[in-house]
Protein chains: 2
Amino acid sequence: MRRITISDVAEHAGVSKSTVSQYLNKRYDYMGKKTKERIEHAVKELGYSPNIIARSLKQKSTMTIGVIVANILHVFSTQVIRAIEDFCNEKDFHVIICNADDDPEKEKRYIEMLQSKQVDGIIAFPTGGNVELYKALIEVQFPVVFMDRIIPWIEIDTVILDNEKASFLAVEEFLRKGYREIGMLSPPLRENVTSRMERINGFKKALDNKQITFNQNYLMVGEINNIQVVMKEMLEQDNPPDALLALNDRVLHEVLAFTKKHRMRLPEDLAVIGIDEVSYANIYSPALTTIQQPAFDMGKKAAELLLNRITNKENCMDPKIYRFEPKLNSRESC
Amino acid sequence: MRRITISDVAEHAGVSKSTVSQYLNKRYDYMGKKTKERIEHAVKELGYSPNIIARSLKQKSTMTIGVIVANILHVFSTQVIRAIEDFCNEKDFHVIICNADDDPEKEKRYIEMLQSKQVDGIIAFPTGGNVELYKALIEVQFPVVFMDRIIPWIEIDTVILDNEKASFLAVEEFLRKGYREIGMLSPPLRENVTSRMERINGFKKALDNKQITFNQNYLMVGEINNIQVVMKEMLEQDNPPDALLALNDRVLHEVLAFTKKHRMRLPEDLAVIGIDEVSYANIYSPALTTIQQPAFDMGKKAAELLLNRITNKENCMDPKIYRFEPKLNSRESC
DNA sequence: CTGAAAGCGCTTACAG
DNA sequence: CTGAAAGCGCTTACAG
């Protein structure tokens, strides 16, 4: 299987490679009509398609970006990716997806791999474990956009939910429905996973804002696979909360596993709100009240920012943080 | 930002480009120890990383494969992709993901794009709408593996669920639990979406096998966004089924929306089984009985087959269909 | 043991 | 209006 090259086309059409190249790049300005037709014909007849690799080498641009997510199995990542792809597709950019699994080592390997592949830019859910690398990228003005996480001292365009607002919305909804003893359940606060910290801060601030004193025992943290134990503790204390905010979709899953196991009725025995929309929110009984991230808008914005940086190199705008508004889906679990 | 090239390294180390290249490719056989160290040092000092694009051009291999899924938002696709990535990552292959959205035009563009990018092979959920293209790929011995769908007359390695068996397992489970009036709900049977056809055939065969006469009115088809209407019809007939098999996860979702809306109790009012595992199966009330596809195993197999074809060109083994066994997750909805 | 040279398939500045 | 030539950053067969 020998691939057809530009030389074959040139020979077949009886012109030079240069001219064929001009044709392929639609620089018809000075091209004779006859020449153009002959090339057109040759291309068709030979079924020629250009070797982008060769072009990239010469042009030093691959029209490809890399996307490093924590885990493609997470719904949020999946939606962000989909939005990025759709946007890039329109602009004739291609996308390479990588799973860093929140492992700085893997992230580093992927960033290096993507650079070796000469991608024009990267969108990443940064692990936060490669500060030196991030700095090096900024240093050489390599286009990068971060998603979902803010890395302190690193100035890079970042697209992120207004996480405090998400907690605010939840607290307000609880209060509106008459719940005042509000608890919150969170996975461990790893450094750099901005969203968790912010959601917890937002929770505290919202209570404060509503003149409710924050109760230490109403905020508990645990590994996902252990969080049902933690939840049990929370609910077995003397004056347990009557409402519970699940910090993310995975926590919500465990909360529901727990309430199912213990035959608790929602919202009578416990009102529940989850941050992150889940696919089964509407069909669950009761339908689940959630706070939704505009994942598609966020993905699109990230792609837009990145492609802007790639195409307007001159325009070295200062990096900013772009906050997106969460949305309350008020249903039956609260 | 001028990138460091092999020439810079050569100069810095005081050797030729050839030698540096040998070093990078770990062909140390005849290399002097001193030379090796000097290069090692230069590479580090300059922070050199090779330009894979240039290498690919020369070697005519990009160590990259393309994956064309119908929709990355579908859980099954997501899991297959993850398995493919993990496998490829181990073998130092990279993956480019594309969403064809079951649109033959898009599929065609993506296949051409991937070939322009000189990928070494493609794994696709074929739309079935580009038979000529598929044939052309086989013709030039371009490595391809299909997932989930069998395209008639096209001989290509295909990884697919034993869909008939999936229906068999469901029917058996219904019978075991004492349900004999078994209905099935399906999305429209588009040509080429093999799995739907097979699941329906399996359903009929299973009934036949159990000496139950198949009732036309117990098998209904409808667009997803209209399937609740169809379901209503099914359940309002004179002698409605007491058990229902949902052909896939999206049908199941609608079935559950319906039973929730009409306050039906599962399994008392209607026993339900869904083909495809869903994330909420265990936390739903009742927990949902499902038939699960081994998505990760299937993705891994597809990757394995493709990389084998890529690396053992000589070994032109006949394309086969690889069937995977579905698994019954017996829970409470049946 | 190491290096000069050719070549992968394009693009582009320049000459005519 | 078209073409010869150089070059993108590598690899590799071959010479020494």
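The values are calculated or read from the model by the stated rules, or taken from the named source; none is laboratory data. This one's a predicted model, so the numbers in the text were calculated from it and none came from an experiment. Positions of Cβ are generated from backbone atoms using ideal geometry, with glycine treated the same way; all protein chains shown enter the neighbour counts.
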Quiz item: In segment B:78-90, how many residues are facing chain A (nearest Cβ under 10 Å), over 10 Å from the mean Cα position of the chain (by Cα) and not polar (S, T, N, Q)?
Solution: 2
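Yes/no matrix, rows are residues, columns are (1) crowded, with 18+ Cβ neighbours inside 10 Å; (2) more than 10 Å from chain A (Cβ to nearest Cβ); (3) at pLDDT below 95:
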| site | (1), (2), (3) |
| --- | --- |
| B:67 | yes, no, no |
| B:76 | yes, yes, no |
| B:92 | no, no, yes |
| B:113 | yes, no, yes |
Self-check item: Test result for residue A:20, more than 14 Å from chain B (Cβ to nearest Cβ), within 11 Å of DNA strand D (Cβ to nearest atom) and modelled with pLDDT of 90 or more
Solution: yes
Quiz prompt | Scan of segment B:94-107 for residues that are within 11 Å of chain A (Cβ to nearest Cβ) and surrounded by fewer than 17 Cβ atoms within 10 Å (Cβ to Cβ), ordered by number | solution = B:101
Practice problem: Could you please give the count of residues in segment B:235-263 that are closer than 26 Å to residue B:212 by Cα and more than 32 Å from the chain's Cα centre (by Cα)? | Solution: 8
Self-check item: Within segment B:143-181, considering residues that are assigned to a strand (DSSP E or B) and buried (at least 21 other Cβ atoms within 10 Å of the Cβ), the one nearest to the chain's Cα centre (by Cα)
Solution: B:147
Practice problem: Scan segment B:115-134 residue by residue and report those that are within 13 Å of chain A (Cβ to nearest Cβ) and over 28 Å from residue B:59 (Cβ atoms). | Solution: B:132
Quiz item: Considering only residues of segment A:307-334 that are aliphatic (A, V, I, L, M) and surrounded by 15 or more Cβ atoms within 10 Å (Cβ to Cβ), which is modelled with the highest pLDDT?
Solution: A:328
Exercise. Mind checking which helices (runs of 4 or more DSSP H) fall wholly inside segment B:4-107 and carry at least 1 residues that are within 16 Å of DNA strand C (Cβ to nearest atom) and in contact with a helix residue (DSSP H, G or I) (Cβ under 9 Å, 6 or more places away or on another chain)?
Key: B:6-13, B:17-24, B:33-46, B:52-59
Exercise. From (1) surrounded by fewer than 19 Cβ atoms within 10 Å (Cβ to Cβ); (2) modelled with pLDDT under 95, pick out the condition that doesn't hold for residue B:195.
Key: (1)
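Could you tell me which of the residues A:6, A:39, A:52 is among the hydrophobic types (A, V, I, L, M, F, W, C), in contact with a Lys or Arg (Cβ under 8 Å, 6 or more places away or on another chain), more than 8 Å from DNA strand D (Cβ to nearest atom) and farther than 30 Å from residue A:110 by Cβ?
Details: A:39 fails: in contact with a Lys or Arg (Cβ under 8 Å, 6 or more places away or on another chain); A:52 fails: farther than 30 Å from residue A:110 by Cβ.
Unique residue meeting the criteria: A:6.
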